[in-house]
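Asker: Before I ask anything, here is the structure I am working with.
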Amino acid sequence: MSGAGVGAQAASAAPAGAGAAEASSPELARSVAAAVPDPELPMLTVGDLGILREVAVDGDRVTVWLTPTYSGCPAVHEIRRQVSARLELAGFGEVEVRTVLSPPWSSDWITPEGRRKLAGAGVAPPRSGLDSQPAGPVPLTLREERGPAVDCPLCGSAQTVRTAAFGATACKDLYRCRDCGEPFEHVKEI
Ligand SMILES: [Zn+2]
């Protein structure tokens, strides 16, 4: 009835698993998507951020579910574009990137490896366990008033003070170390 005869015949004539075998691997799709860097925290990948929620492969078709990080972060658009482009380069014919908003991302999802990469780049990682994602309205709290100190990523001192609410990007604020005197960025907890 439809004009899909050519494509359907070609697909059924091909031995299962031949040709696009590699491109149909869910592991390949996941590793390609997970390796996309975050434009605002370029030392971190999508995998480090913990925002890669699900990858489904059906033949050469792949669907990726991502959870945005900081709300309003323009990085999300660029990440989606990169995920699509890299999966197509890896041989997937049809790539769909979907957004999952619930549960909302928390900076607690950043992996231990991601935290090490941040500190290695001189950026203090978010403190973990500060935000327990309570149900209902979230009270506005001055984060520096509670929880452990933000340790200086350069010398490890806990004698640090916040100097600005926003760094180069909205997801970071600025600190200065009282011991070594160096200013540094810190990834905010959400
Ligand atoms: Zn220091």
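Asker: Search the range 79-94 for residues that are surrounded by 15 or more Cβ atoms within 10 Å (Cβ to Cβ) and pair each with any residue that is of a type in the set (F, W, Y) and not in a helix (DSSP H, G or I) when their beta-carbon atoms are under 8 Å apart and the residues are at least 6 apart or on different chains.
Answerer: Cβ pairs passing all conditions: none.
Asker: Give just the number: which of (1) assigned by TED's automatic domain parsing to the domain that holds G47; (2) under 16 Å from V46 (Cα atoms) does V57 not satisfy?
Answerer: (2)
Asker: Tell me the residue from A149, A135 that is modelled with pLDDT under 95, within 16 Å of the ligand (Cβ to nearest atom) and part of a loop (DSSP other than H, G, I, E, B), please.
Answerer: A149
Asker: On to the next question. For the range 56-103, how many residues meet the condition of being of a type in the set (V, I, T), outside any loop (DSSP other than H, G, I, E, B) and more than 13 Å from A29 (Cβ to Cβ)?
Answerer: 3
Asker: Sort out which residues of the range 23-47 are part of a helix (DSSP H, G or I) and surrounded by fewer than 17 Cβ atoms within 10 Å (Cβ to Cβ), and write them in order of number.
Answerer: The answer is P26, E27, S31.
Asker: Give me a count of the residues in the range 109-118 that are in contact with a Pro (Cβ under 8 Å, 6 or more places away or on another chain) and in contact (Cβ under 8 Å) with a residue 60 or more places away in the chain.
Answerer: 3
Asker: Let me ask something else. Could you check the range 103-132 and list, in sequence order, the residues that are of a type in the set (S, T, Y) and modelled with pLDDT under 90?
Answerer: S128, S132
Asker: Counting only residues that are free of Cβ contacts under 8 Å to residues at least 12 places away in the same chain and closer than 20 Å to L41 by Cβ, which one in the range 152-180 is nearest to the ligand (Cβ to nearest atom)?
Answerer: Once the filter is applied, the top-ranked residue is A164.
The values are calculated or read from the model by the stated rules, or taken from the named source; none is laboratory data. Bear in mind that the values here come from a model prediction, so they are computed numbers and not experimental data. Backbone-built Cβ (ideal geometry, glycine too); neighbour counts: all protein chains shown.
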